[in-house]
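For reference, the structure is listed below as structure tokens.
The values are calculated or read from the model by the stated rules, or taken from the named source; none is laboratory data. Here the structure is a predicted model, which is why all the values come from computation and not from measurement. Here the Cβ positions follow ideal geometry from the backbone for every residue, glycine too, while neighbour counts run over all protein chains shown.
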Amino acid sequence: MLKRNVLALAAGLMLVATLAHAGALDQIKKRGTLACGSNTGVAGFGLPDDKGHWTGLDVDFCRAVAAAIFDDVGKVKFIPLSSKDRFTALQSGEVDILARNTTWTLSREAGQGFLFTGITYFDGQGFMVRKKLNLSSALELSGASICVQQGTTSELNLADFFRGNNMNYEPVVFASADEARKAYDSGRCDAYTTDASGLYAERPKLANPDDHVILPEIISKEPLGPLVRQGDDQWFNVVKWVGFAMLDAEELGVTSKNVDEKLKSDRPEIKRLLGLEGNFGEALGLTGDWAYRIVKRVGNYGEIFDRNLGEGSSLKIKRGINSLWTKGGLQYAPPIR
Amino acid sequence: MPGATQDRRPASAQAFVRQGPAPAQPPPASESFAGGLRGNLFGDWRTSLATLAVLTLVGLALPSLLRFLIFDAVWSAPDGELCRAPGAGACWAFIAQKLPYFIYGSYPESQRWRVDVTMFVGAVLIVWLLWLDAPARRLAAFLFFVAYPLQGFILLHGAPALGLPRVETHLWGGVFVSLLVASVGMVFSLPLGILLALGRRSRLPALKLACTGFIEFVRGVPMITVLFMANTMLPLFVPEDLAPDRLARPLIGVALFASAYMAEVVRGGLQAIPRGQFEGAAALGLRPWPTLRLVVLPQALRHVIPGVVNSFISLFKDTTLVAIVGIFDFLKTIEAARQDPAWAGPTISATGYIFAALFYFAFCFGMSLYARFVERRLGSAAA
């Protein structure tokens, strides 16, 4: 009897759980807030400022999704997740979207049941060296001692890179990124390696940041992007197209400042983007002005990159491969039509 | 001679019987402060050597420590530029700039008065409760344990009906959350711990088994496991709409965890009470419950004050573990703030951690000073 009750309860809970997972978009609209799994503190991607207000590229991506749904960037609930509990939080439905500089890999999609909606930042492992060494390429690092964090993919990539190029090196491994950076700063190693965005974030912490350069070579692929659960294609489409709309807006020259003027534009692509022609927003389950809201409230991709990572920020990361495809980069979005 | 009359063995079996009074000892050197200092620091050659070694170490470390903390420190700066200058010491300007964030976390700026009011009321009630000569301490206890949590919850979380906009717990952070976790842990762990300790000593087998099982299970797992269970695993079993709030989960976890340790501390005190006390109370016609309340617990708790304070102090420091499950407590806000590229510099991490150390030390030392005072008042301090 008791056993049957317990089973019935478990079945009931599972039913509630499945119902809860159906139609994330409707559920978010009903709830009135978007739950966004965010970083616990990475400069440029997700970091609270002096007033405790979240800033960063990933954070702004979630705000853009909220703008498209609610026309209000305040309706996001940021749930800071450590790298250990980020996937369970998404799996369990505690967050609707995970935008927390997570690398897009096969096992995370096929193995863990997620879908990446796009690439918001093409990252990859790079090297930082002292300017006085006069190096212009990572291929000149043969025989160098290199500070690296232990147990990371950086350590493995480093080994692959040097073996593949038939070069020698001396790895100096440390348990934490802080220790590795300090050792490099004190002269223990010739070079310091981690993901390029990390190198830019770590550089200001050095005693003389201007004495160091980041070499142009990127030796690994770390495509970072937001991800959602599998099995909800409508929600997947919404998040995916929010990213594309930000890229299309940049390509068409629509910014948060000129978006109201652009409403008068005659260009059909802009008319379609801003919802003056066709009903693309409605097809997504949003409103016709969804992309207008994103650009108006948050900005296009170039604007959020500049504000959080680029020249408008203290990180001063170059656009590089994150430029639009029209400017020699990799950022490319399908057209809205 | 009293020694001889009390000893029941024949005098012939004793190896030594003192015939006259013992010779007088010289007056203790510690009568004067300087004499005590000399005796303690340079008593014999080994003590002198240790003293000299320690003095040398202090002499080596102190000047550079003072230089870093005070003389070369940057006291005011608009951003990290001055703190990055070569030779600059601790960057107190960074602490000053980020102080509101360290205290309130992401709590909306316009609503922060609510945190201030709650902390102020809490401080007044705690002083009232801890000040042993204060009037109407029963009223204070009622206010603190019943009315205050209710008031705090309504004020902090908000009540749209009363015109207070809701402030979701994901915005809570900083010192305020550290104090919240610690005080919830302390306030719940003592009564729960007493109940568990009594339950463990109960003669009812089911109750005894349940309490013992709970205590042993909770003590057998690390606190991090409890927190992970609460914030990472629980959402997998319970649908998201039914799951408790993300901040409430670690609060409950910490309270249950602390109560298991408290139960063992209290049980130590209960075991020190001689059977005669129970029997005496029974002879006076007291029922079991008044016996506990009037006779046993007052004595038992007095015995365990050092243990209870020890648990409280370790609980206060354990609150930093909630950062692992994404709660922005005080230490985590420092962790996040030191990533800010506007301030990033070689001394920022050190400054942040020194500040955190001072904060935790001040609170823990305060608790232990108060406990010493109470022990002296109750006359239970061992010599």
Quick check: anything in segment A:75-88 at pLDDT below 95 and over 20 Å from A:F45 (Cα atoms)? yes
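Any idea which of A:G231, A:G243, A:G288, A:G281 is small (G, A, S) and modelled with pLDDT of 95 or more? Talk me through it step by step, then tell me what you get.
Numbers: A:G231 fails: modelled with pLDDT of 95 or more; A:G288 fails: modelled with pLDDT of 95 or more; A:G281 fails: modelled with pLDDT of 95 or more.
Every option except A:G243 fails the conditions.
Give the residues of segment B:70-87 that are assigned to a helix (DSSP H, G or I) and within 14 Å of chain A (Cβ to nearest Cβ), sorted by residue number. Steps first, please.
Taking segment B:70-87 and keeping what is assigned to a helix (DSSP H, G or I), we get B:70-71, B:82-84.
B:L82, B:C83, B:R84 - these are the residues of segment B:70-87 that are assigned to a helix (DSSP H, G or I) and within 14 Å of chain A (Cβ to nearest Cβ).
To keep it simple, each residue is scored yes or no on (1) touching a strand residue (DSSP E or B) at 6+ places or on another chain (Cβ under 6 Å); (2) of a type in the set (F, W, Y); (3) closer than 22 Å to A:T55 by Cα.
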position: B:G105; (1), (2), (3): yes, no, yes
position: B:L139; (1), (2), (3): no, no, no
position: B:L143; (1), (2), (3): no, no, no
position: B:Y148; (1), (2), (3): no, yes, no
position: B:Q151; (1), (2), (3): no, no, no
position: B:L156; (1), (2), (3): no, no, no
position: B:P160; (1), (2), (3): no, no, no
position: B:V175; (1), (2), (3): no, no, yes
Given the structure, is B:G307 modelled with pLDDT of 90 or more and either part of a loop (DSSP other than H, G, I, E, B) or closer than 30 Å to B:A357 by Cα (or both)? yes
Which helices (runs of 4 or more DSSP H) sit wholly inside segment B:208-291 and have at least 1 residues that are more than 15 Å from B:L196 (Cα to Cα) and β-branched (V, I, T)? B:223-228, B:248-271
Mind listing just one residue for me: the one in segment A:90-103 that is more than 17 Å from A:P223 (Cα to Cα) and surrounded by fewer than 24 Cβ atoms within 10 Å (Cβ to Cβ) and, of those, farthest from the other protein chains (Cβ to nearest Cβ)? A:Q91
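Would you call B:D79 surrounded by 13 or more Cβ atoms within 10 Å (Cβ to Cβ), farther than 30 Å from B:V167 by Cβ and among the acidic types (D, E)?
Numbers: surrounded by 13 or more Cβ atoms within 10 Å (Cβ to Cβ): yes; farther than 30 Å from B:V167 by Cβ: no; among the acidic types (D, E): yes.
No.
Check whether at least one residue in segment A:157-178 is assigned to a loop (DSSP other than H, G, I, E, B), free of Cβ contacts under 8 Å to residues at least 24 places away in the same chain and within 14 Å of chain B (Cβ to nearest Cβ), and report yes or no. Walk me through it before giving the result.
Keep residues of segment A:157-178 that are assigned to a loop (DSSP other than H, G, I, E, B), which gives A:165-168, A:175-176.
Filter once more, keeping what is free of Cβ contacts under 8 Å to residues at least 24 places away in the same chain: A:166.
Keeping just the survivors that are within 14 Å of chain B (Cβ to nearest Cβ) gives none.
Checked segment A:157-178: no residue is assigned to a loop (DSSP other than H, G, I, E, B), free of Cβ contacts under 8 Å to residues at least 24 places away in the same chain and within 14 Å of chain B (Cβ to nearest Cβ).
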Restricted to segment A:205-260 and to residues being without any contact (Cβ under 8 Å) to a residue 40 or more places away in the chain and not in a helix (DSSP H, G or I), the residue surrounded by the most Cβ atoms within 10 Å (Cβ to Cβ) is A:L206
Would you say B:A90 is touching a residue at least 60 places away in the same chain (Cβ under 8 Å), surrounded by 15 or more Cβ atoms within 10 Å (Cβ to Cβ) and either basic (K, R) or away from chain A (no Cβ under 14 Å) (or both)? yes
Out of curiosity, is B:I273 assigned by TED's automatic domain parsing to the domain that holds B:F316, within 15 Å of B:P298 (Cα to Cα) and free of Cβ contacts under 8 Å to residues at least 40 places away in the same chain? yes
Which number in (1) modelled with pLDDT of 90 or more; (2) within 14 Å of chain A (Cβ to nearest Cβ); (3) within 25 Å of B:T212 (Cα to Cα) marks the one condition that B:A258 misses? (2)
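Conditions (1) away from chain B (no Cβ under 11 Å); (2) within 23 Å of A:Y301 (Cα to Cα), marked per residue:
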{"site": "A:G23", "(1), (2)": "yes, no"}
{"site": "A:D26", "(1), (2)": "yes, no"}
{"site": "A:K29", "(1), (2)": "yes, no"}
{"site": "A:L34", "(1), (2)": "yes, yes"}
{"site": "A:S38", "(1), (2)": "no, yes"}
{"site": "A:G41", "(1), (2)": "no, yes"}
{"site": "A:G44", "(1), (2)": "no, yes"}
{"site": "A:K51", "(1), (2)": "no, no"}
{"site": "A:D58", "(1), (2)": "yes, yes"}
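This table checks each residue for (1) over 30 Å from A:G46 (Cβ atoms); (2) of a type in the set (D, E); (3) in a helix (DSSP H, G or I).
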residue	(1), (2), (3)
B:R112	no, no, yes
B:D116	no, yes, yes
B:L129	yes, no, yes
B:R138	yes, no, yes
B:A141	yes, no, yes
B:L150	yes, no, yes
B:R166	no, no, no
I'd like the residue in segment B:315-372 that is within 12 Å of another protein chain (Cβ to nearest Cβ) and of a type in the set (F, W, Y) and, out of all such residues, is farthest from A:K205 (Cα to Cα). B:F328
Residue check, B:V117 against (1) at pLDDT below 90; (2) exposed (fewer than 15 other Cβ atoms within 10 Å of the Cβ), all met but one. Which one? (1)
Determine whether B:L180 is in a helix (DSSP H, G or I), out of contact with any Pro (no Cβ under 8 Å at 6 or more places or on another chain) and surrounded by 17 or more Cβ atoms within 10 Å (Cβ to Cβ). yes
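Can you tell me how many residues in segment A:194-213 are within 23 Å of the chain's Cα centre (by Cα), under 12 Å from A:Y184 (Cβ atoms) and within 11 Å of another protein chain (Cβ to nearest Cβ)?
At the first step, the residues of segment A:194-213 found to be within 23 Å of the chain's Cα centre (by Cα) are A:194-205.
Restricting the remaining residues to those that are under 12 Å from A:Y184 (Cβ atoms) gives A:194, A:199, A:202-203, A:205.
Right, trim to within 11 Å of another protein chain (Cβ to nearest Cβ) and you get A:202-203, A:205.
Total meeting the criteria: 3.
Test A:A67 against the criterion of being buried (at least 23 other Cβ atoms within 10 Å of the Cβ), assigned to a helix (DSSP H, G or I), more than 12 Å from chain B (Cβ to nearest Cβ) and of a type in the set (A, V, I, L, M, F, W, C), and give yes or no.
Numbers: buried (at least 23 other Cβ atoms within 10 Å of the Cβ): yes; assigned to a helix (DSSP H, G or I): yes; more than 12 Å from chain B (Cβ to nearest Cβ): yes; of a type in the set (A, V, I, L, M, F, W, C): yes.
Answer is yes for this residue.
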Go through (1) surrounded by 19 or more Cβ atoms within 10 Å (Cβ to Cβ); (2) assigned to a helix (DSSP H, G or I); (3) under 25 Å from the mean Cα position of the chain (by Cα) and name the single condition A:V148 misses. (2)
The lone condition A:D306 fails out of (1) within 14 Å of chain B (Cβ to nearest Cβ); (2) in a helix (DSSP H, G or I) is (1)
